[in-house]
């Protein structure tokens, strides 16, 4: 098959299945090359040590489901440690899922907002009822959590601008959504000490998810990029004005800290 024939065949497939275009655009190598060409981060964002951000890290993570699609324990411990630095921390997140992250932050008593697609929108996207029904499972009855509905690409964030100490982005992880969510997140920050955390900046704590990193960098104001870091031992990236030593994540990473984990589980109602 000639190159021209292959081109038109590929074009026909994309026209018949537009979702295939996302696969091309979100290909890790495409995004990695775009980041390197524009920003030079061939190893991903510079990293900061979790214990430089939270030197006395000692958090209890509850609720936690140990199921797919959620944050790992250290992600939630990072969020709680950051929220604890502020009295009555005001918190906004994009992407609710089971409500684990916002439920953990809500235990600290501050006002919390979480934005997610409505149940009807999820159904229209083809989501199974078993998936739809689990949204906000842990957070829907908490008095200091306000659940907002909408697509973050079209949502009107203007009533929430300059009100939040901590913003967590864990919605759609495609490049365009991350870029848009990042741009909006900076408008939500209360002051120069406010913090943004992005989830899934890596598929593991030791690698880079290039579509997310590209979205973060392209959505971040130019003068703020110097404050972007990956956070060690987590899946997160962070915007924080605190001066932090930085380094490059290597694989495999030589452990420079150890964690103590205590588990306690109890059955919940279906």
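The values are calculated or read from the model by the stated rules, or taken from the named source; none is laboratory data. Please read all numbers here as calculations on a predicted model, not as lab measurements. Cβ: placed from backbone, ideal geometry, glycine included. Neighbour counts: every protein chain shown.
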Of the numbered conditions (1) assigned to a helix (DSSP H, G or I); (2) surrounded by 24 or more Cβ atoms within 10 Å (Cβ to Cβ); (3) in contact with a strand residue (DSSP E or B) (Cβ under 7 Å, 6 or more places away or on another chain), residue 196 fails exactly one; give the number of that condition.
(1)
Residue under question is residue 191, and the condition is that it be over 20 Å from residue 254 (Cα atoms), modelled with pLDDT of 95 or more, surrounded by fewer than 23 Cβ atoms within 10 Å (Cβ to Cβ) and touching a helix residue (DSSP H, G or I) at 6+ places or on another chain (Cβ under 7 Å); does it hold?
no
Can you report the number of residues in the stretch 210-238 which are in contact with a helix residue (DSSP H, G or I) (Cβ under 8 Å, 6 or more places away or on another chain) and outside any helix (DSSP H, G or I)?
11
Which of (1) over 21 Å from the mean Cα position of the chain (by Cα); (2) not in a loop (DSSP other than H, G, I, E, B) does residue 256 not meet, given it meets every other one?
(2)
Being within 20 Å of residue 97 (Cβ to Cβ) and more than 13 Å from the chain's Cα centre (by Cα) is the requirement here; does residue 269 meet it?
yes
Sort out for me the helices (runs of 4 or more DSSP H) sitting completely within the stretch 29-116 that have 3 or more residues that are in contact (Cβ under 8 Å) with a residue 60 or more places away in the chain and in contact with a helix residue (DSSP H, G or I) (Cβ under 9 Å, 6 or more places away or on another chain).
73-84
For residues that are touching a helix residue (DSSP H, G or I) at 6+ places or on another chain (Cβ under 8 Å) and in contact (Cβ under 8 Å) with a residue 60 or more places away in the chain, scanning just the stretch 239-267, find the one that is surrounded by the most Cβ atoms within 10 Å (Cβ to Cβ).
240
If you take the residues in the stretch 132-170 that are touching a helix residue (DSSP H, G or I) at 6+ places or on another chain (Cβ under 7 Å) and part of a helix (DSSP H, G or I), which one is surrounded by the fewest Cβ atoms within 10 Å (Cβ to Cβ)?
132
Residues being surrounded by fewer than 24 Cβ atoms within 10 Å (Cβ to Cβ), touching a strand residue (DSSP E or B) at 6+ places or on another chain (Cβ under 7 Å) and farther than 9 Å from residue 142 by Cβ - total across the stretch 94-110
2
Can you tell me which residues in the stretch 149-184 are farther than 19 Å from residue 104 by Cβ, touching a strand residue (DSSP E or B) at 6+ places or on another chain (Cβ under 6 Å) and touching a residue at least 60 places away in the same chain (Cβ under 8 Å)?
181
